[in-house]
Every structure is written in C-alpha cells, then in structure tokens.
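The values are calculated or read from the model by the stated rules, or taken from the named source; none is laboratory data. As the structure is a prediction and not an experimental result, all values here were calculated from the model. Please note: Cβ atoms are built from the backbone with ideal geometry, for glycine as well, and neighbour counts cover all protein chains shown. Heavy atoms of the whole protein, side chains included, go into the accessibility calculation; ligands, DNA and RNA do not. Shrake-Rupley method; radii C 1.70, N 1.55, O 1.52, S 1.80 Å.
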Amino acid sequence: MERAIVLAASAIGAGIAMIAGIGPGIGQGYAAGQGAAAVGRNPGAKGNIVSTMLLGQAVAETTGLYGFAVAIILLYANPLLGKL
Amino acid sequence: MYQGMAAVSGSFAKMGMLRASQDVDFGITGYQEYTLFGQKLYFTTTHISIIIVMLALIIFAVIANRKIKKADPNKVPGTFLNIVEYMVQAIDDLTLTNMGTKHGAKFSNYIGTIFIFILLSNISGLFGLRPPTADYGTTLALALITFVMIHYNGFKYQKASHVTNLFKPLLLTPINIIGEIATPISMSLRLFGNILSGTVMMGLIYGLLPKIITLVWPGFLHAYFDVFSGAIQTYVFCMLTMVFISNTFEED
C-alpha cells in the first residue's frame, strides 16, 4: 500500500516537473520571433542570425531539460522508494 | 475503478490498439558483470554502441589516411577525397572564425574529433543502436574534458589572474565559483537530456503503438529527433566549448 502511494506520488511529481517546459517554450518562441524580425530587416545576414538564434535557443532549453531529468529520475530511478 | 481501467486497457490490447508495457524498451541493459576496485560494474548497451561508433570512425579514418597518402597532387581528387577535404576545411573555418586566427588552428583537431564523434553518436539511433550520448557517463566525460581544457588554457594565458578574476566583485565570489562548476554540468545535461528525450519518445512510439503504424509513422520522428536535434546539439556543444576556451585568451 505504501509502495503504491509512493509510486503514484512519483508519477504525479514527474508530471508536475514537466511544467518546467513552459519557460523554454516561451523563450524559444521569442528568440525565433526576434530572429525572423532580424532576417526581415537584414536578409543578407541570414546565416549568422540563424546560427546565433539556434545557439541561444539551445542554451534557453537547459532549464526545461533540468525538469525533464527530474521527471525521468522520478519515473525510472524511483529514489523515494528507498526511504520507506 | 482500477479493475474497470484494467478491463478497458485489456480490451484495447486484445484489439491490437495498444501493446503491452513490457515491449517498451529504452533503458540501458547490463550484459556482463565485472568488478573493478571492489565496485560492481556492468558491460552495458552504451559500451556496445560506443564501440560500434568508434569502429566506424576508425575504419573511416584509416581509409581516408590511405587515400590521402596515395593521392597524386597533380590530379583532380576523387569523390571520397573531395568529401574529406570539405569536412576538414569546414571544421578549420569553424574554429578559425570562432576562436580567432591566432589560437584557432591549434584547437581544430580536438573540435573536429568531438564534432564527428558526437554527430555520429547522435544519429546512430537511425541505425538501430541506442545512442551512446543518451547515457550520462558519456556526456559527463565529454564535458569534463572541456572543463579541464578551459582551466588549463586559463592558467596558461591569464596566469594568476585566472584565479583572482573569481574574486573580482568580492560580494559575488560564491556566484562566480558556482558558475565555474555549473559549466560542465549544464553542458553535459543539455546534450544528455536532448538525446534521451528523443530516445524515450521513440521507445514509447515503437513499444506502445500497433506494429502497422510503427512501419510508417516513426520516419518523421527519426528525422526530427535523430538528425535535426542531434546535429543542432552537436553544433551547440562544439560552439560552447570554443566560446568558453576562447574566453580565456583575453589577457587583462
């Protein structure tokens, strides 16, 4: 019974941890919008703008991946079961 | 309630709409157990796929080396040699533009090596392997190499000011130290998380959906998760390595 409760709570916690995906979504969308505006203003620099935008988006994604790592650990490594 | 849910999913399974949860497999399996310094260790899936990737790279390197040694400088190079020359030139251009013409040439060997290795590891999911970079051991090792290179070059070019820069605004000393330590952790977790999320999603698609759908639909997902995301993450890892190392060149 306790085991079931811990497993259920871990699953709920994994779901809540993935709320962290909101932030990178907003950030990447904003970066892509600004990139599109920059290409519209200066189409000649498209290559540089796209590579800078992708680098920035990948760095902005890090916080979301921290949430993903927490969710994966809660689901598959089950650290809380050892505390019973 | 619980039995009702079980009955529903059971009937789905009977209709072939949903396959059993035992079919979902994206984890790491330990095949051979051995002990080293009193620790129980395993020879895992990651080792096998990393050996296959390294064999492919070694064979490619040996063939390219032989072709270049045999090449006649007065003739037009063939297709294979042209591709190799293009790769070398592209990596040289990348390092020279990002690290400056003064120091850049020294690092093009290392950047080229990790670029080809990470790229091949990331797209090895296309060939049915579990990508080696979806294991935290691999990415942490790569990031620790970068960490050592950053501080080696920092001491080489900035001497003692590499340490005293940490205390520059005295109030921000803890944040500076944490920032230095966070560099390899964030680099390794970025690569690991991206590739692992692709692997988990492909595993769920292959394991849960009916066989007929898995013949067609994952092609698009492979194109996104393995090729596009893998190439982007390779570029980002090499780019961040170059940026962090070239930050230490400024002497002040």
Under 22 Å from B:K75, Cα to Cα: lysines that are on another chain or at least 8 residues apart: B:K67
Qualifying lysines (Cα of each under 28 Å from Cα of B:K102; at least 8 residues distant if same chain): A:K46, B:K156, B:K159, B:K168
Length released on extending from B:T214 to B:K69, taking residue separation times 0.36 nm less the Cα-Cα span: 47.6 nm
For region A:12-52, alpha-carbon Rg relative to the globular expectation (2.2 N^0.38 Å, N residues): 1.67
Protein accessible surface hidden between B and A, which excludes ligands and nucleic acids, total in Å², probe 1.4 Å: 1200 Å²
For chain B, alpha-carbon Rg relative to the globular expectation (2.2 N^0.38 Å, N residues): 1.29
Unit charges at the beta carbon, dipole of the protein assembly as shown: most positive-side option, A:I5, B:M54, B:V243: B:M54
Inter-centroid distance (Cα atoms) of region A:1-46 relative to region B:139-183, Å: 29 Å
Karplus-derived 3J(HN,Hα), 6.51/-1.76/1.60, for each residue of region B:240-250, Hz, glycine and proline x: 5, 4, 5, 5, 5, 5, 6, 5, 7, 6, 6
Per-residue [θ]222 nm for the protein assembly as shown (sum of -39500 (n - 2.57) over DSSP H runs n ≥ 4, rounded to 500): -24000 deg cm²/dmol
Which of B:I114, B:L126, B:I83, positive extreme of dipole for region B:83-175 (C-beta unit charges): B:I114
Relative contact order %, chain A, counting alpha carbon pairs below 8 Å whose residues are six or more apart: 53 percent
Counting all C-alpha pairs of the protein assembly as shown, share separated by more than 32 Å (%): 44 percent
